[in-house]
Amino acid sequence: MKKSNLLILAFATFLLLLFVYYKQQQRNRKLLVTNGVLTTAKFIDYFQPVTAGQSGLRFIYYVRERRYHAMAYYHVSDNYVEYVGRQVPVIYQKDDPDNNRILLTKPDFAQFGLPFPDSLAWIDSMLQ
């Protein structure tokens with residue numbers, strides 16, 4: 001196979017995988033909108049990912065006494081350690097709690113047609 005054909009095939013495969021990922025994310029979000037349940041999650045940890053300059057925030061929450069993990073990526077301030085242990089809303093799919101989204105910002109809440117609570121005013125000081 002020619003080198004140019006391999007490049008075209010590789011690019012087409014990449015686009016297909018990107019499309020499949022996008023459609024899966026759309027499907028998961030739609031399921032959260034139609035079948036989502038709100039609960040609280042606890043901010044337990046922070047890590048610096050290799051790329052994108054955003055920080056990974058780890059959370060835990062419980063559904064029927066079973067522990068679940070959630071992650072969110074944001075630009076956070078250096079004083080993030082002050083916020084470990086804080087409670088934040090999480091929306092999860094009723095029949096699949098592994099499908100979840102942490103709700104921290106006004107746009108996060110708007111995606112699900114939910115009002116931004118005053119109790120999360122402290123978020124602005126954590127996020128950059």
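Points worth noting:
- Packing-based exposure ordering (other Cβ within 10 Å, fewest first) of Ile123, Ile102, Ile91, Ile60: Ile60, Ile123, Ile102, Ile91
- Dipole of the chain, positive end: most advanced residue of Pro117, Ala70, Leu32 [Cβ charges, Cα centre]: Leu32
- Dipole magnitude of the chain, debye to nearest 20 (Cβ charges: Lys/Arg +1, Asp/Glu -1, about Cα centre): 640 debye
- For the chain, the longest site-free run once chymotrypsin sites (Phe, Trp or Tyr not before Pro) in DSSP loop states with at most 15 other Cβ atoms within 10 Å are removed: 1-111
- Once each of the trypsin sites (Lys or Arg not before Pro) sitting in a DSSP loop with at most 13 other beta-carbon atoms within 10 Å is removed, the chain keeps 3-63 as its longest stretch.
- The three principal axes of the Cα atoms in the chain give end-to-end lengths of 59, 36, 27 Å, sorted in falling order.
- Ranking of Asp118, Asp95, Asp45 by neighbouring Cβ atoms within 10 Å, starting from the fewest: Asp118, Asp95, Asp45.
Where a number appears in this text, it was derived from the coordinates with a stated rule and is not lab data. Since the structure is predicted, the reported quantities are computational estimates derived from the model, not experimental observations. Please note: Cβ atoms are built from the backbone with ideal geometry, for glycine as well, and neighbour counts cover all protein chains shown.
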